[in-house]
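The values are calculated or read from the model by the stated rules, or taken from the named source; none is laboratory data. This one's a predicted model, so the numbers in the text were calculated from it and none came from an experiment. Here the Cβ positions follow ideal geometry from the backbone for every residue, glycine too, while neighbour counts run over all protein chains shown.
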Amino acid sequence: MKNLLPILQKDHLDEVVFANRNKAYGAYDLRNDYSNQLTKALFIGITFFASISSVPLVLNAFKSDAIITDYVPAGPVELYNVDQPDKPLPTPPVTVPQQIKTVANPEYTPVREVTKQAPLPKKEDFEGAAIGPVTTPGEPTTLAVAPHIAVGPPATTYNPPVAPPAVTEDPNKLINQTDADVAANFKGGIDAFRQKVAQNFDTSAVDQEGMVSATITFVVEKDGSISNIKINGSNAEFNREAERTVKSIKTKWTPAQLKGKAMRSSFRMPISMKFE
């Protein structure tokens, strides 16, 4: 076998491929000249893209910044003063129809029962007058029928909406304990209030034995004081002493609360005592 190393070092690889072959064939020339053609194509491509990129630079170099100041309009120029408002359009004159003489010529339909009707116009009433719906004085006219005068819609006046009056809450409004967000309360609770009533009650004022009951009602004011004390029971002596006892208690209540505000509230409490 022939040693190809000296050939590879001396000649191109194409010589090895086409050794002992017909080099006049076109493939040998194409492969032998491939690197030259590739180099030419590379330089042509670089030159083409460089020329395209330089076109905007060339156009800007030849661009002129001159401004034409000697412009002459083709037609006449009208100058307007923008500071003055536009002139109002002339208002067409209002033509008021002339008041002409008219006479009513009603038609009567025969009826069984004769009623009082307006008298018929006389012949001289038709002279210089037009027939119309009503009889009116005016200038004589040659018209046979009075022209119809159109009447526009009645004028309307714009009344701006009026805001409803603000709702003011009654400062003396009285609510029940069930309607309050926070019910009225005595210091120590209702049992403490019952104990104070029992301690201050004078049992010698009631001349009766056995169990006596009544219902105490009163109003807890906004400041915690109580008012409108009423005792509803069958024993009058017991009622009077219970009322006196409740009025003698000076400790204030915590008023009821509704929407974060102190309110006047009614309070009801049953009371019973056994006398021996």
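Go through the residues of the stretch 150-171 one by one and say whether even a single one is within 30 Å of Ala262 (Cα to Cα), modelled with pLDDT of 70 or more and β-branched (Val, Ile, Thr). Among the residues of the stretch 150-171, at least one is within 30 Å of Ala262 (Cα to Cα), modelled with pLDDT of 70 or more and β-branched (Val, Ile, Thr), which makes the answer yes.
Checking the stated criteria, Thr178 turns out to be part of a helix (DSSP H, G or I) and farther than 19 Å from Lys274 by Cα. In summary, Ala180 fulfils each of the numbered conditions (1) at pLDDT below 75; (2) touching a Leu at 6+ places or on another chain (Cβ under 6 Å) with the single exception of condition (1).
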